[in-house]
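Accompanying notes for the structure given below.
Rule-based calculations on the coordinates, nothing more; no lab input. Just so it is clear, the structure is predicted and the values come from calculations on it, not from any experiment. Methodologically, a virtual Cβ is constructed for each residue, glycine included, from the backbone with ideal geometry; neighbour enumeration extends over all protein chains shown.
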Amino acid sequence: MKLAEALLIRAEMKTKINNIHGRLNDNSKVQEGEKPVENPYTLIEELNNVSDEMARLIKNINYTNCVTIENGVSLTDMIAEKDVLQKKISVLKSFLTNASSLVNRYSNKEIKILSTVDVAELQKKIDAMSKNLRELDMNIQRINWTVDLIEK
């Protein structure tokens, strides 16, 4: 199985656990004399089974990410770099939105509000970081579809 396939299965398992969570909540209480639609103990057993399988899969994904090296960099390090770059871009985009928004003045006598940064220059830097992020993400995706999952 390719690493990308394992990642898709992990996502399906997460969805399944969320589904079980909802079903458990739906069957947590019943009116006196009634029975739940689904047996909560059966659902808990299903939750345990899916959770155990998911933990095993995540361990294999993490191990594969650690030992997969491309150009001297592990896949784990690439993912960390991607996550941090995404967050940094998000923060800077939010800041740039605030810095570039116009403040309406009702007359020339009101205080003029100015941006504290060169908006165009910062936008160019964000664009360059976004390009790096896209390239990094494409590289990670390519690796995910070419590397086999290593099962421990």
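If you check SER51, SER28 for being among the hydroxyl-bearing types (Ser, Thr, Tyr) and either within 30 Å of ALA128 (Cα to Cα) or touching a Pro at 6+ places or on another chain (Cβ under 9 Å) (or both), only one passes: SER28. Name the one entry in ALA120, ALA99, ALA128, ALA80 that is among the small types (Gly, Ala, Ser) and closer than 19 Å to LEU3 by Cα. That would be ALA80, the only listed residue that is among the small types (Gly, Ala, Ser) and closer than 19 Å to LEU3 by Cα. Residues considered: GLU46, GLU5. Of these, the only one that is touching a residue at least 24 places away in the same chain (Cβ under 8 Å), in a helix (DSSP H, G or I), acidic (Asp, Glu) and in contact with a helix residue (DSSP H, G or I) (Cβ under 7 Å, 6 or more places away or on another chain) is GLU46. Every condition in (1) more than 30 Å from VAL119 (Cβ to Cβ); (2) in contact with a Lys or Arg (Cβ under 9 Å, 6 or more places away or on another chain) is met by GLY33 except one, and the failing one is (2).
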